[in-house]
Amino acid sequence: MKCWIITEGMAGTENQCLGVAEALGVSAEVKRITLRQPWKSFSPWLGFEHARIFEPALSPPWPDLVIASGRKSIATSRYIRKASNGKSFTVQIQDPRVSPAQFDLVALPAHDPTRGSNVIITDASPNRITAEKLASAREKFSAFGKLKSPRVAVLAGGDSKSHKLTASITKNLAEQLKTLDAGLMVTTSRRTGEENTKILRDGLLDPVLRRGYEEEDIFFWDGTGENPYFGMLAWADFILVTEDSASMLSDAATTGKPVYVIALEGGSKRLDKLHENLRQKGITRPFDGRLESWSYEPLRDSQKIADEIRLRMAGHRA
């Protein structure tokens with residue numbers, strides 16, 4: 001099967017598409033597409049797509065399957081569907097906020113509003129987490145096994161349109177983590193900010209005595225070397241995630257391990273609904289400085305979408 005992944009180049013949306021392609025067992029060609037004006041500013045509402053608005057250019061032979069995500073990818077999906085005379089099966093990941101009838105299948109999480117006969121609803125976001133990848137990462141990052149047990153992965157996001165990670169929240173988090181009788185694996189992101197990253201790092205690691213960013217029972221990733229994200233998820237007994245990141249939350253909930261949510265300032269109706277759904281399913285709990293074990297059925301959103309694609313493509317070809 002020839003498969004194209006269409007995105008704007010954002011890592012989060014691209015990983016969602018890759019997760020679905022991998023669940024399908026297909027090797028996908030990733031195309032990062034930009035649009036010429038005025039489509040760039042007015043996509044997906046402008047319409048009237050034609051060959052010259054895409055950079056880089058798109059040309060046949062058209063793929064059997066298009067998996068796309070992101071606002072500007074919508075124009076690309078519509079164009080390929082039309083240019084291929086409907087032979088390319090188009091799948092839009094995330095809520096396109098336009099009629100789902102413009103695609104063959106739309107996959108979106110329960111906290112998004114669009115519904116339709118060709119819309120599949122997932123619990124959270126598709127991702128690339130699988131048992132096989134975690135097993136491989138556990139072997140690759142075997143050094144995490146030397147940390148004190150239980151091991152806690154801390155996935156810190158930060159400021160977004162709806163949430164804010166303040167200095168006081170960061171200081172309180174560092175104090176809570178320092179009191180845990182556990183090994184810590186901590187990673188921050190660009191949205192965490194330099195000030196909050198320093199507060200968290202210095203709150204956990206003695207700024208005078210530390211060598212690098214690692215102590216006996218604390219690993220703090222400084223952004224250099226191979227990204228240990230999968231290794232942290234693989235070795236974690238508990239996972240802590242800041243509430244601003246739906247993607248990291250989805251990753252964590254796919255592992256089947258207890259997931260704690262770190263509260264930030266602000267909120268949004270969409271993300272609040274996601275958090276409510278996952279709490280009701282027994283997947284997440286708010287972090288209050290204590291650790292308790294529980295179990296739940298891990299999310300399988302990528303596989304759920306892949307299964308639906310197989311089913312609908314069989315009917316599409318018939």
Which pairs turn up if I take residues in the range 164-177 that are without any contact (Cβ under 8 Å) to a residue 12 or more places away in the chain and look for partners that are surrounded by 12 or more Cβ atoms within 10 Å (Cβ to Cβ) with beta carbon separation below 9 Å, at least 6 apart in sequence or on another chain? Asn172/Gly289
Conditions (1) touching a Gly at 6+ places or on another chain (Cβ under 7 Å); (2) surrounded by fewer than 20 Cβ atoms within 10 Å (Cβ to Cβ); (3) farther than 23 Å from Thr224 by Cα -> His163 fails only (2)
Here are some conditions: (1) in a helix (DSSP H, G or I); (2) at pLDDT 95 or above. Arg191 meets all but one. Which one does it not meet? (2)
Hey, could you check the range 229-273 for residues that are part of a strand (DSSP E or B) and more than 16 Å from the chain's Cα centre (by Cα) and say which is farthest from Arg191 (Cα to Cα)? Phe238
Those residues that are crowded, with 19+ Cβ neighbours inside 10 Å and more than 27 Å from Asp95 (Cα to Cα), I need them from the range 123-133; list them, please. none
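The rows are residues; the columns are (1) of a type in the set (A, V, I, L, M, F, W, C); (2) within 30 Å of Glu276 (Cβ to Cβ); (3) free of Cβ contacts under 8 Å to residues at least 60 places away in the same chain.
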residue: Glu14; (1), (2), (3): no, yes, yes
residue: Ser41; (1), (2), (3): no, no, yes
residue: Ser77; (1), (2), (3): no, no, no
residue: Gln94; (1), (2), (3): no, yes, no
At least 3 residues that are more than 15 Å from Ser247 (Cβ to Cβ), modelled with pLDDT of 95 or more and of a type outside the set (Gly, Ala, Ser) in each: list the strands (runs of 3 or more DSSP E) lying fully within the range 73-162 that qualify. 89-93, 119-122, 151-155
Which of the residues spanning the range 1-46 are farther than 28 Å from Ala246 by Cα and exposed (fewer than 13 other Cβ atoms within 10 Å of the Cβ)? Arg36, Gln37, Pro38
Has the range 231-247 got any residue that is surrounded by fewer than 17 Cβ atoms within 10 Å (Cβ to Cβ) and over 28 Å from Pro113 (Cβ atoms)? yes
Is there any pair linking a residue in the range 52-70 that is in contact (Cβ under 8 Å) with a residue 12 or more places away in the chain to one that is part of a loop (DSSP other than H, G, I, E, B) and of a type in the set (Val, Ile, Thr), with Cβ under 8 Å and at least six apart or on different chains, and which? Phe54/Ile33; Glu55/Ile33; Pro56/Ile33; Leu58/Ile33; Leu65/Val26
Note on Ala101: of the conditions (1) in contact with a helix residue (DSSP H, G or I) (Cβ under 9 Å, 6 or more places away or on another chain); (2) surrounded by fewer than 21 Cβ atoms within 10 Å (Cβ to Cβ); (3) under 23 Å from Pro126 (Cβ atoms); (4) not β-branched (Val, Ile, Thr), unmet is (1)
If Gln16 satisfies all but one of (1) under 20 Å from Arg312 (Cα atoms); (2) part of a loop (DSSP other than H, G, I, E, B), what's the number of the condition it fails? (2)
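The values are calculated or read from the model by the stated rules, or taken from the named source; none is laboratory data. Just so you know, these numbers come straight off a predicted model, no measurement behind them. Positions of Cβ are generated from backbone atoms using ideal geometry, with glycine treated the same way; all protein chains shown enter the neighbour counts.
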